[in-house]
(Lines give C-alpha, C1' and ligand atoms only; values in the text may rest on other atoms or scores of the structure.)
Protein backbone atom coordinates (compact mmCIF):
# COMPACT_ATOMS: atom_id res chain seq x y z
CA UNK A 1 0.00 0.00 0.00
CA UNK A 2 0.92 3.66 -0.54
CA UNK A 3 3.45 2.80 -3.25
CA UNK A 4 4.33 5.91 -5.28
CA UNK A 5 6.80 4.34 -7.73
CA UNK A 6 6.20 5.77 -11.20
CA UNK A 7 4.50 8.90 -9.86
CA UNK A 8 5.78 12.44 -10.28
CA UNK A 9 5.19 14.69 -7.27
CA UNK A 10 5.56 18.47 -7.21
CA UNK A 11 6.09 20.16 -3.85
CA UNK A 12 6.23 23.94 -3.46
CA UNK A 13 8.09 25.55 -0.59
CA UNK A 14 10.34 22.50 -0.51
CA UNK A 15 13.65 24.12 0.43
CA UNK A 16 13.04 23.64 4.16
CA UNK A 17 10.50 22.75 6.84
CA UNK A 18 7.37 20.77 6.11
CA UNK A 19 7.88 20.99 2.34
CA UNK A 20 11.29 19.37 2.55
CA UNK A 21 9.94 16.70 4.89
CA UNK A 22 7.03 15.81 2.60
CA UNK A 23 9.26 15.74 -0.48
CA UNK A 24 11.59 13.27 1.26
CA UNK A 25 8.57 11.27 2.42
CA UNK A 26 7.33 10.92 -1.17
CA UNK A 27 10.82 9.96 -2.34
CA UNK A 28 11.00 7.16 0.24
CA UNK A 29 7.76 5.80 -1.25
CA UNK A 30 9.37 5.78 -4.70
CA UNK A 31 8.06 8.99 -6.28
CA UNK A 32 10.15 11.19 -8.55
CA UNK A 33 10.15 14.80 -7.40
CA UNK A 34 9.92 18.37 -8.59
CA UNK A 35 10.80 20.72 -5.75
CA UNK A 36 10.07 24.43 -5.98
CA UNK A 37 11.16 27.41 -3.87
CA UNK A 38 12.93 30.74 -4.19
CA UNK A 39 16.21 29.76 -2.48
CA UNK A 40 18.08 27.83 -5.15
CA UNK A 41 21.03 26.82 -2.94
CA UNK A 42 18.70 25.28 -0.37
CA UNK A 43 16.77 23.54 -3.16
CA UNK A 44 19.94 21.96 -4.50
CA UNK A 45 20.77 20.60 -1.04
CA UNK A 46 17.32 19.03 -0.72
CA UNK A 47 17.57 17.66 -4.27
CA UNK A 48 20.76 15.82 -3.34
CA UNK A 49 19.04 14.32 -0.29
CA UNK A 50 16.21 13.12 -2.49
CA UNK A 51 18.46 11.66 -5.19
CA UNK A 52 20.37 9.73 -2.55
CA UNK A 53 17.14 7.76 -2.02
CA UNK A 54 17.34 6.43 -5.59
CA UNK A 55 14.73 8.61 -7.32
CA UNK A 56 14.94 11.55 -9.70
CA UNK A 57 14.57 15.16 -8.60
CA UNK A 58 14.16 18.39 -10.58
CA UNK A 59 14.73 21.56 -8.51
CA UNK A 60 13.07 24.69 -9.91
CA UNK A 61 13.62 28.17 -8.53
CA UNK A 62 10.19 29.78 -8.46
CA UNK A 63 8.28 32.56 -6.73
CA UNK A 64 4.79 31.07 -6.47
CA UNK A 65 3.18 34.52 -6.49
CA UNK A 66 4.62 35.18 -9.98
CA UNK A 67 2.21 33.89 -12.64
CA UNK A 68 4.81 33.63 -15.41
CA UNK A 69 7.31 31.84 -13.15
CA UNK A 70 4.66 29.35 -12.04
CA UNK A 71 3.57 28.63 -15.61
CA UNK A 72 7.21 28.11 -16.66
CA UNK A 73 7.71 25.70 -13.76
CA UNK A 74 4.74 23.64 -14.92
CA UNK A 75 6.11 23.58 -18.47
CA UNK A 76 9.57 22.53 -17.22
CA UNK A 77 8.01 19.70 -15.25
CA UNK A 78 6.20 18.34 -18.30
CA UNK A 79 9.28 18.74 -20.49
CA UNK A 80 11.38 16.80 -17.97
CA UNK A 81 8.97 14.07 -16.85
CA UNK A 82 6.16 14.13 -19.41
CA UNK A 83 3.48 14.24 -16.72
CA UNK A 84 2.56 15.38 -13.21
CA UNK A 85 0.62 13.13 -10.83
CA UNK A 86 0.79 14.81 -7.43
CA UNK A 87 0.83 18.49 -6.48
CA UNK A 88 1.44 19.74 -2.96
CA UNK A 89 0.79 23.45 -2.45
CA UNK A 90 2.91 24.06 0.62
CA UNK A 91 4.67 27.39 0.01
CA UNK A 92 3.53 30.35 2.06
CA UNK A 93 4.47 33.34 4.19
CA UNK A 94 2.66 35.82 6.38
CA UNK A 95 2.90 39.16 8.12
CA UNK A 96 1.20 39.10 11.46
CA UNK A 97 -1.02 41.73 13.02
CA UNK A 98 -4.55 42.04 14.36
CA UNK A 99 -7.48 43.51 12.48
CA UNK A 100 -7.02 46.95 14.06
CA UNK A 101 -3.35 47.20 13.12
CA UNK A 102 -3.08 45.26 9.86
CA UNK A 103 -1.98 47.41 6.93
CA UNK A 104 -3.27 46.97 3.40
CA UNK A 105 0.24 46.09 2.29
CA UNK A 106 0.69 43.32 4.86
CA UNK A 107 -2.83 41.97 4.24
CA UNK A 108 -2.22 41.80 0.48
CA UNK A 109 1.24 40.24 0.96
CA UNK A 110 -0.21 37.42 3.09
CA UNK A 111 -3.13 36.78 0.75
CA UNK A 112 -0.81 36.62 -2.27
CA UNK A 113 1.63 34.28 -0.53
CA UNK A 114 -0.85 31.94 1.14
CA UNK A 115 -3.99 31.90 -1.01
CA UNK A 116 -3.50 33.45 -4.44
CA UNK A 117 -0.33 31.40 -4.93
CA UNK A 118 -2.30 28.19 -4.33
CA UNK A 119 -4.73 29.24 -7.06
CA UNK A 120 -1.93 30.09 -9.50
CA UNK A 121 0.02 26.87 -8.97
CA UNK A 122 -3.10 24.71 -9.10
CA UNK A 123 -4.25 26.38 -12.32
CA UNK A 124 -0.87 25.85 -13.97
CA UNK A 125 -0.43 22.17 -13.08
CA UNK A 126 -4.05 20.96 -13.03
CA UNK A 127 -4.48 21.47 -16.78
CA UNK A 128 -1.94 18.70 -17.36
CA UNK A 129 -3.73 16.48 -14.86
CA UNK A 130 -6.97 17.08 -16.78
CA UNK A 131 -5.31 15.95 -20.01
CA UNK A 132 -4.05 12.73 -18.43
CA UNK A 133 -7.30 12.16 -16.46
CA UNK A 134 -5.43 11.67 -13.20
CA UNK A 135 -4.23 13.83 -10.36
CA UNK A 136 -3.81 14.28 -6.64
CA UNK A 137 -3.79 17.87 -5.35
CA UNK A 138 -2.94 18.45 -1.69
CA UNK A 139 -3.16 21.94 -0.23
CA UNK A 140 -1.45 22.74 3.06
CA UNK A 141 -3.64 25.03 5.15
CA UNK A 142 -3.50 25.35 8.96
CA UNK A 143 -5.56 24.81 12.07
CA UNK A 144 -5.81 28.61 11.96
CA UNK A 145 -7.93 28.21 8.84
CA UNK A 146 -10.65 26.71 11.03
CA UNK A 147 -10.39 28.58 14.35
CA UNK A 148 -9.25 31.84 15.89
CA UNK A 149 -6.60 31.97 18.58
CA UNK A 150 -5.72 33.90 21.72
CA UNK A 151 -1.95 33.40 21.54
CA UNK A 152 -1.16 36.00 18.88
CA UNK A 153 -2.92 38.37 16.47
CA UNK A 154 -2.65 37.17 12.88
CA UNK A 155 -5.90 37.98 11.11
CA UNK A 156 -4.59 37.78 7.54
CA UNK A 157 -3.08 34.33 8.06
CA UNK A 158 -6.34 32.99 9.52
CA UNK A 159 -8.24 34.43 6.58
CA UNK A 160 -5.88 33.14 3.89
CA UNK A 161 -5.78 29.61 5.29
CA UNK A 162 -9.56 29.54 5.66
CA UNK A 163 -9.66 30.46 1.99
CA UNK A 164 -7.37 27.55 1.15
CA UNK A 165 -9.76 25.12 2.86
CA UNK A 166 -12.75 26.26 0.81
CA UNK A 167 -10.71 26.67 -2.38
CA UNK A 168 -9.95 22.98 -1.96
CA UNK A 169 -13.63 22.08 -1.78
CA UNK A 170 -14.39 24.12 -4.90
CA UNK A 171 -11.56 22.52 -6.89
CA UNK A 172 -12.51 19.04 -5.67
CA UNK A 173 -16.04 19.50 -6.97
CA UNK A 174 -14.90 21.02 -10.26
CA UNK A 175 -12.18 18.53 -11.19
CA UNK A 176 -13.67 15.27 -9.91
CA UNK A 177 -14.96 14.44 -13.39
CA UNK A 178 -11.34 14.27 -14.56
CA UNK A 179 -10.34 11.72 -11.89
CA UNK A 180 -8.52 14.44 -9.94
CA UNK A 181 -8.86 14.62 -6.18
CA UNK A 182 -8.16 17.72 -4.12
CA UNK A 183 -7.76 17.66 -0.35
CA UNK A 184 -6.41 19.83 2.43
CA UNK A 185 -4.04 19.04 5.29
CA UNK A 186 -4.23 21.45 8.22
CA UNK A 187 -1.13 21.18 10.41
CA UNK A 188 -1.05 22.24 14.01
CA UNK A 189 2.11 23.52 15.68
CA UNK A 190 5.22 22.14 13.98
CA UNK A 191 8.63 23.62 14.69
CA UNK A 192 10.21 24.74 11.41
CA UNK A 193 12.59 27.43 10.26
CA UNK A 194 9.68 29.88 10.02
CA UNK A 195 7.99 29.06 13.34
CA UNK A 196 10.89 28.21 15.66
CA UNK A 197 11.34 31.72 17.10
CA UNK A 198 7.68 31.87 18.14
CA UNK A 199 7.24 28.28 19.32
CA UNK A 200 10.36 28.33 21.49
CA UNK A 201 9.17 31.21 23.65
CA UNK A 202 8.07 30.34 27.19
CA UNK A 203 4.70 32.02 26.68
CA UNK A 204 3.87 29.98 23.58
CA UNK A 205 5.07 26.73 25.16
CA UNK A 206 2.67 27.35 28.04
CA UNK A 207 -0.14 28.09 25.58
CA UNK A 208 0.60 24.88 23.67
CA UNK A 209 0.62 22.75 26.82
CA UNK A 210 -2.93 23.79 27.71
CA UNK A 211 -4.35 23.92 24.16
CA UNK A 212 -2.91 20.78 22.51
CA UNK A 213 -4.29 17.57 24.07
CA UNK A 214 -1.12 15.60 23.21
CA UNK A 215 0.86 18.28 25.03
CA UNK A 216 3.63 18.78 22.47
CA UNK A 217 4.48 20.22 19.09
CA UNK A 218 4.47 18.06 15.96
CA UNK A 219 7.73 16.28 15.26
CA UNK A 220 9.67 16.10 12.00
CA UNK A 221 7.99 13.67 9.61
CA UNK A 222 4.65 13.48 11.43
CA UNK A 223 2.87 15.31 8.61
CA UNK A 224 4.22 12.92 5.97
CA UNK A 225 1.78 10.01 6.47
CA UNK A 226 -1.26 12.19 5.74
CA UNK A 227 0.36 13.57 2.59
CA UNK A 228 1.48 10.12 1.41
CA UNK A 229 -1.98 8.69 2.00
CA UNK A 230 -3.77 11.46 0.08
CA UNK A 231 -1.24 11.15 -2.77
CA UNK A 232 -1.77 7.40 -3.08
CA UNK A 233 -4.18 5.30 -5.11
CA UNK A 234 -5.63 4.07 -1.82
CA UNK A 235 -7.18 7.54 -1.34
CA UNK A 236 -8.95 7.45 -4.72
CA UNK A 237 -12.44 8.00 -3.21
CA UNK A 238 -11.46 10.84 -0.90
CA UNK A 239 -11.80 14.39 -2.20
CA UNK A 240 -12.77 17.78 -0.82
CA UNK A 241 -11.68 16.80 2.68
CA UNK A 242 -9.61 18.55 5.33
CA UNK A 243 -7.37 16.36 7.48
CA UNK A 244 -6.14 18.04 10.66
CA UNK A 245 -2.74 16.91 11.95
CA UNK A 246 -2.71 18.94 15.11
CA UNK A 247 -2.28 16.80 18.22
CA UNK A 248 -5.98 17.28 18.95
CA UNK A 249 -5.95 21.11 19.00
CA UNK A 250 -9.18 21.49 17.02
CA UNK A 251 -10.98 18.77 18.99
CA UNK A 252 -11.37 20.90 22.14
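The table that follows gives values for the structure above.
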item	result
Residue within segment 119-141 that is under 20 Å from residue 223 (Cβ atoms), at pLDDT 95 or above, assigned to a helix (DSSP H, G or I) and touching a helix residue (DSSP H, G or I) at 6+ places or on another chain (Cβ under 8 Å) present	yes
Entirely in segment 1-102, the helices (runs of 4 or more DSSP H) that have 1 or more residues that are surrounded by fewer than 18 Cβ atoms within 10 Å (Cβ to Cβ), in contact (Cβ under 8 Å) with a residue 40 or more places away in the chain and touching a helix residue (DSSP H, G or I) at 6+ places or on another chain (Cβ under 7 Å)	67-81
Sole exception among (1) farther than 25 Å from residue 99 by Cβ; (2) surrounded by 18 or more Cβ atoms within 10 Å (Cβ to Cβ); (3) in contact (Cβ under 8 Å) with a residue 60 or more places away in the chain for residue 124, by number	(3)
Subset of segment 103-114 (residues that are surrounded by fewer than 20 Cβ atoms within 10 Å (Cβ to Cβ) and either assigned to a helix (DSSP H, G or I) or touching a residue at least 60 places away in the same chain (Cβ under 8 Å) (or both))	104, 105, 106, 107, 108, 109, 111, 112
Members of segment 175-211 that are in a helix (DSSP H, G or I), touching a helix residue (DSSP H, G or I) at 6+ places or on another chain (Cβ under 9 Å) and within 27 Å of residue 232 (Cα to Cα)	175, 178
Complete set of residues in segment 1-25 that are in contact with a strand residue (DSSP E or B) (Cβ under 7 Å, 6 or more places away or on another chain) and within 16 Å of residue 91 (Cβ to Cβ)	9, 10, 11, 12, 13, 14, 15, 18, 19, 22, 23
Residue within segment 157-170 that is closer than 21 Å to residue 210 by Cβ, modelled with pLDDT of 95 or more and in a loop (DSSP other than H, G, I, E, B) present	no
Options 156, 141, 170, 176: the member that is touching a strand residue (DSSP E or B) at 6+ places or on another chain (Cβ under 9 Å) and crowded, with 16+ Cβ neighbours inside 10 Å	141
Number of the exception - residue 151 against (1) at pLDDT below 95; (2) within 24 Å of residue 183 (Cα to Cα)	(2)
Selected residue (criterion: surrounded by the fewest Cβ atoms within 10 Å (Cβ to Cβ)) from residues of segment 223-252 that are in contact with a helix residue (DSSP H, G or I) (Cβ under 9 Å, 6 or more places away or on another chain) and part of a loop (DSSP other than H, G, I, E, B)	252
Neighbours by Cβ (under 9 Å, 6+ apart or cross-chain): first from segment 176-202, at positive phi; second surrounded by fewer than 12 Cβ atoms within 10 Å (Cβ to Cβ) and modelled with pLDDT of 95 or more	179/133; 179/236
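Condition check ((1) over 13 Å from the mean Cα position of the chain (by Cα); (2) more than 18 Å from residue 13 (Cβ to Cβ)) across all residues:
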site	(1), (2)
111	yes, no
122	no, no
132	yes, yes
157	yes, no
180	yes, yes
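The values are calculated or read from the model by the stated rules, or taken from the named source; none is laboratory data. Just so it is clear, the structure is predicted and the values come from calculations on it, not from any experiment. When we count neighbours, we look across all protein chains shown, and the Cβ atoms used for this are built from the backbone with ideal geometry, even at glycine.
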